[in-house]
Amino acid sequence: MTGSTGGRKSSTRIHVVSDVHGNAEALARAGDGADALVCLGDLVLFLDYADHSRGIFPDLFGVENAHRIVELRTARRFEEARAFGRRLWDGLDRERLIEEAVRRQYAEMFAAFPHPTYATYGNVDIPALWPEYAGPSTTVLDGQRVEIAGRVFGFVGGGLPSPMRTPYEVAEEEYAAKVEALGEVDVLCSHIPPEVPELCYDTVARRFERGSEALLAAIRRTRPRYALFGHVHQPLARRMRIGSTECVNVGHFASTGTPWALEW
């Protein structure tokens with residue numbers, strides 16, 4: 001799927017990925033044929049809901065326990081899921097074990113980024129660790145903007161508070177301030193979608209993920225050409241127009257291995 005500005009021959013091609021979740025092999029090829037790669041976060045794989053044998057959780061606790069926690073979360077029995085998790089972690093140094101596992105994944109993920117890469121955090125990422133792994137080829141942005149081949153890209157990382165209590169969830173006021181700091185941009189890049197039901201509903205998980213009202217308001221107010229995001233792995237709608245803005249879920253890269261392409 002490719003974005004374009006009409007029939008003219010494009011001179012710039014940007015590949016966009018989100019929700020990489022440990023797919024370093026595909027990530028190493030994601031920049032092929034592009035002038036730059038944009039990554040919208042979620043590099044870490046804690047638990048793969050499609051394959052319960054993959055991720056930090058089953059590595060530590062086994063596939064059967066992964067089956068159980070997915071079952072509880074899918075049924076929205078979040079308190080039971082947290083209690084089950086607490087029993088598994090009892091007596092273990094949770095912080096140390098998770099950080100060690102995340103560091104191993106980050107070393108692999110950041111080494112796979114092509115030059116240049118522009119990246120922001122997802123809700124399962126740990127921003128404090130990124131400076132140790134992001135080399136000179138990777139520009140990390142959150143509440144910041146950058147110009148790429150004459151177009152202004154604005155980046156907003158992280159997610160909003162949810163029952164999942166993932167590592168990088170920020171308060172709505174803080175998130176809105178990051179959106180406001182961008183001003184007018186050509187391409188609005190975020191990990192989570194704007195707060196639109198069709199863009200936020202996951203048809204496999206059978207629940208609404210958190211979207212941002214601040215993003216939606218900014219799209220209506222500033223009318224960027226594109227609003228690009230991920231987070232919802234199997235959305236009811238992958239793209240729609242809000243006014244003149246093309247809103248696109250760039251896809252669950254962990255499963256597709258295929259970047260979304262933007263050309264102009």
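The values are calculated or read from the model by the stated rules, or taken from the named source; none is laboratory data. Source: prediction; values computed, not measured. Here the Cβ is made from the backbone with ideal geometry for all residues, glycine too, and neighbour counts use every protein chain on show. Each accessible area value is taken on the protein alone, full model and side chains, heavy atoms only, with ligands, DNA and RNA left out. Shrake-Rupley method; radii C 1.70, N 1.55, O 1.52, S 1.80 Å.
Close amide H pairs (under 5 Å, H built 1.01 Å from N) link GLN144 with PHE155, residues at least 5 positions away or on another chain. Couplings 3J(HN,Hα) for the range 69-74, derived from phi with the Karplus relation 6.51 cos²θ - 1.76 cosθ + 1.60 (θ = phi - 60°), are 5, 5, 4, 5, 5, 5 Hz, where x marks Gly and Pro.
Once Cα Rg over 2.2 N^0.38 Å is worked out from the coordinates, which option in (i) 0.98; (ii) 1.09; (iii) 1.23 does it equal? Answer by label: (i).
Residues whose amide H lies under 5 Å from that of ALA227, counting only those 5 or more places away or on a different chain, are LEU188, GLU246, CYS247, VAL248; hydrogens are built 1.01 Å from N in the peptide plane.
About the centre of its Cα atoms, the range 40-194 shows a dipole size close to 360 debye [charges on the beta carbon of Lys, Arg (+1) and Asp, Glu (-1) only; nearest 20 debye]. Annotation note: GluC sites (Glu not before Pro) in the range 135-238 located in DSSP loop regions with a Cβ neighbour count of at most 14 within 10 Å are GLU184. Between THR222 and ARG206, the contour length at 0.36 nm per residue exceeds the Cα-Cα span by 2.6 nm. With both residues required to sit in the chain, DSSP beta bridges show an antiparallel share near 40%. Each residue of the range 100-107 was assigned a 3J(HN,Hα) from its phi angle through the Karplus curve 6.51 cos²θ - 1.76 cosθ + 1.60 (θ = phi - 60°); the sequence is 4, 5, 5, 4, 4, 5, 4, 4 Hz, with glycine and proline shown as x. Heavy-atom accessible area, probed at 1.4 angstrom with all protein chains present, ranks PHE46, PHE61, PHE253 as PHE46, PHE61, PHE253, highest first. Near the amide H of ASP51, within less than 5 Å, lie no amide hydrogens of residues on another chain or at least 5 residues away, with H placed in the peptide plane.
Summed over the residues of the range 150-264 and divided among them, the accessible surface reaches 41 Å² per residue at a probe radius of 1.4 Å. For the range 13-67, averaging the sequence separation of C-alpha pairs within contact (under 8 Å, six or more residues apart) and dividing by the residue count gives a relative contact order of 31 percent. Here the accessible area is traced with a 1.4 Å probe on the protein chains. For the chain, carbon and sulfur cover 48 percent of it. Heavy atoms of the protein chains alone define the surface here; on that basis the range 11-92 has 44 Å² accessible area per residue at 1.4 Å probe size.
Phi angles of the range 199-212 translate, via the Karplus equation with coefficients 6.51, -1.76, 1.60 and θ = phi - 60°, into HN-Hα couplings of 8, 9, 7, 9, 6, 8, 5, 6, 7, 7, 7, 6, x, 10 Hz per residue; Gly and Pro are given as x. Under the criterion of Cα pairs below 8 Å and six or more residues apart, the relative contact order for the range 151-264 equals 23 percent.
Note on the chain: helix-only mean residue ellipticity at 222 nm, from DSSP H runs of 4+ residues weighted -39500 (n - 2.57) and normalised by residue number, equals -9000 deg cm²/dmol.
Sorting TYR118, TYR133 by solvent-accessible area of protein heavy atoms yields TYR133, TYR118, largest first, with a 1.4 Å probe.
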